[in-house]
Amino acid sequence: ETGVTQTPRHLVMGMTNKKSLKCEQHLGHNAMYWYKQSAKKPLELMFVYSLEERVENNSVPSRFSPECPNSSHLFLHLHTLQPEDSALYLCASSRDRGYEKLFFGSGTQLSVL
Amino acid sequence: SQQGEEDPQALSIQEGENATMNCSYKTSINNLQWYRQNSGRGLVHLILIRSNEREKHSGRLRVTLDTSKKSSSLLITASRAADTASYFCATKETSGSRLTFGEGTQLTVNP
């Protein structure tokens, strides 16, 4: 185990649904990240939080809404998604936002029908 | 074009052989990291090499960095079937504020 837990592991949702992805880290890290991994494409950084403050939003559509209530928890709220949003969504954490040695969760495999 | 491109895209070897994967990048970097990903799972950090380092070892892993050629290689010695995974390089640019991943090398180690 990496110390980063993501739930659910799999999610199937319709385009009109609202769902949330959850990430929890038990490492005492101060930075948390959401990445999107699509087939045949490099990992795409979506959001970065440092000490619960959003420090980076990588031009992500507003149908993805992150929330970081404390330094251990990170959510990604999803609404009115498109089929092209189907991907593996990975949460990661690091000691600080220096991007050195990221610890990843196992991801949520999302399918949008 | 990509910052951090792995080569080859896929590699298939026999157990016991060595596996070498390469990563090229385009801009000046602060550090370069290698990660491994088993199918359908998250990435696991393997090793970090800084721009002022040329070689690092960790167990059966050996990483080299040539900043003049903007390239790095990951060598896995005496490979095992359990090494089957995708391997990604990620670069932390000197001027940027993020970690950029390549598309990865899919390594298959046949028993």
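Taking B:S72, is it of a type outside the set (D, E) and surrounded by fewer than 18 Cβ atoms within 10 Å (Cβ to Cβ)? Answer is no for this residue. If I filter region B:63-111 down to residues being more than 28 Å from A:Y33 (Cα to Cα) and in a strand (DSSP E or B), which single residue comes out as farthest from the chain's Cα centre (by Cα)? Ranking the qualifying residues of region B:63-111, first place goes to B:N110.
Residues checked against (1) of a type in the set (S, T, Y); (2) free of Cβ contacts under 8 Å to residues at least 12 places away in the same chain; (3) surrounded by 14 or more Cβ atoms within 10 Å (Cβ to Cβ); (4) more than 14 Å from chain A (Cβ to nearest Cβ):
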{"position": "B:Q33", "(1), (2), (3), (4)": "no, no, yes, no"}
{"position": "B:N52", "(1), (2), (3), (4)": "no, yes, no, yes"}
{"position": "B:S58", "(1), (2), (3), (4)": "yes, no, no, no"}
{"position": "B:A85", "(1), (2), (3), (4)": "no, no, yes, no"}
{"position": "B:E93", "(1), (2), (3), (4)": "no, no, yes, no"}
{"position": "B:S97", "(1), (2), (3), (4)": "yes, yes, no, no"}
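What do you reckon, is B:S39 more than 10 Å from chain A (Cβ to nearest Cβ), at pLDDT 95 or above, part of a loop (DSSP other than H, G, I, E, B) and within 30 Å of A:Q109 (Cα to Cα)? Taking the combined requirement at face value, the residue does not satisfy it. Checking every residue in region A:74-86 against the condition of being of a type in the set (S, T, Y), over 11 Å from the mean Cα position of the chain (by Cα), within 14 Å of chain B (Cβ to nearest Cβ) and more than 26 Å from B:E103 (Cβ to Cβ) gives zero matches. For region B:5-26, does any single residue satisfy the condition of being part of a loop (DSSP other than H, G, I, E, B), surrounded by fewer than 21 Cβ atoms within 10 Å (Cβ to Cβ) and among the hydroxyl-bearing types (S, T, Y)? Taking every residue of region B:5-26 in turn, none turns out to be part of a loop (DSSP other than H, G, I, E, B), surrounded by fewer than 21 Cβ atoms within 10 Å (Cβ to Cβ) and among the hydroxyl-bearing types (S, T, Y).
At least 1 residues being over 22 Å from B:Q37 (Cα atoms) is the threshold, and among the strands (runs of 3 or more DSSP E) wholly inside region A:3-113 those reaching it are A:10-13, A:18-25, A:44-50, A:53-57, A:64-70, A:73-79, A:108-112.
The values are calculated or read from the model by the stated rules, or taken from the named source; none is laboratory data. Since we're looking at a predicted model, the values are computed, not measured. All Cβ positions, even for glycine, are placed from backbone atoms using ideal geometry, and neighbour counts span all protein chains on display.
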